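For reference, the structure is listed below as structure tokens.
The values are calculated or read from the model by the stated rules, or taken from the named source; none is laboratory data. In this text the structure is predicted, and so the values were computed from the model without any measurement. Remember, those area values only see protein heavy atoms, side chains included, never the ligands or the DNA or RNA. Shrake-Rupley method; radii C 1.70, N 1.55, O 1.52, S 1.80 Å.
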Amino acid sequence: MNELPQQLANGLILGALYGLVAIGYTMVYGIVQLINFAHGEIFMVGGFGALTAYLALPGGTTLWLAVPLMLAAGITVSTLVAVGAERFAYRPLRGAPRLAPLITAIGLSIVLQQLVFSFYPDAKKAKVFPKIPGDAFQVLGMTIQRSDLFLIVAAPVCMIILGWFVNRTRSGRAMQATSQDPDTAKLMGIDTDRIIVLAFAIGAAFAAVAAVAYGLRTGQVDFRMGFILGLKAFTAAVLGGIGNIYGAMVGGLVLGLAEGLATAYIQHLPGMHLFGGGAWKDVWAFVLLIVVLLARPQGLLGERVADRA
């Protein structure tokens, strides 16, 4: 029990990372009913874009100055890839059966992985990512690493900005209208193609923020890093209620807490020591999803049409 506050903090930080990526899944699904399984790789290329910006900076540049530039580069790369995928891979299939864009998304995921693997210098092994130097903070008996500070600040700021955008701007309201009824929205003068591109771009930007946070937290980026994290983020989106932007973050937090607590404590239960180690931490995320969906198929918050942006 003495470790409980620390495990809760670890779970919330991890959950915020999942939630940022999950928002991209839920925004795209809320508007075009597409599960963009390439979103994990959009997260990955954002991390490599940020790393490229850092390596291009002059020697001696402080990390606090480098992070905004890395963030800008990561967002730019992720957004360009996501918008390009929408324009050239998904838009031509918009009227096709749903299986076609789903398979295309899986194929695009593999293509992006292999492009980074083949053409990014020395990407065959994990690339070292800068970490914020300095000792950890002690807060209410919890140890918070300096590398987690970026995520602790970025996640709530991103959610506040997104909530304001969706509910207070014309483009946000156009997103809600397109989500509810794209044909009627088009008749009302809304450029639905532009709204769809905007949804892809915003989701990609959030994924890039998460990628920078991931790199700062783990000290590395890898061309395979988007696969498992993307699956978990999709799990978080479904857990919270696919199509619900607030549900995506709630699902991410619940998933992060469940993963952290299960990994830390479940091996202490009688007969469960074989299933509680770190190697099983990815399993418990999907066990939680199955349990929740059996009891509540619409997710924790449900799919609220007004929030499907």
What is the distance in Å between the Cα centres of region 74-136 and region 167-243?
14 Å
Please give the length that would be gained between Gln33 and Leu231 if that part of the chain were fully extended, namely 0.36 nm times their separation in residues minus their C-alpha to C-alpha distance (nm, one decimal).
69.5 nm
Using a probe radius of 1.4 Å on heavy atoms only, what accessible surface per residue do you get for region 1-155? Whole Å² is fine.
48 Å²
Mind checking which helices in the chain clear 27 Å along their axis (Cα) and have mean Kyte-Doolittle hydropathy of 1.6 or more, DSSP H runs only?
63-85, 99-119, 149-168
Looking at the chain as a GNM with Cα springs under 10 Å, which of Ala204, Ala96, Ala177 has the largest mean-square fluctuation?
Ala96
Assign one of three labels to the chain, namely rounded, prolate or oblate, based on the Cα gyration tensor with a ≥ b ≥ c the square roots of its eigenvalues; rounded applies when a/c is under 1.5, prolate when it is not and a/b is larger than b/c, and oblate otherwise.
oblate
What residues qualify as long-range amide H neighbours of Gln220, i.e. H under 5 Å apart, gap of 5 or more or another chain, H built at 1.01 Å from N?
Phe129
Solvent-accessible area per residue for region 161-302 at a 1.4 Å probe radius, Å²?
44 Å²
Surface share of carbon and sulfur [accessible, 1.4 angstrom probe, percent] for the chain
68 percent
Excluding residues fewer than 8 places away in the same chain, name every one of the lysines whose C-alpha is closer than 28 Å to that of Lys127.
Lys232, Lys281
From the protein chains alone at 1.4 Å, what is the descending order of accessible area for Trp64, Trp284, largest first?
Trp64, Trp284
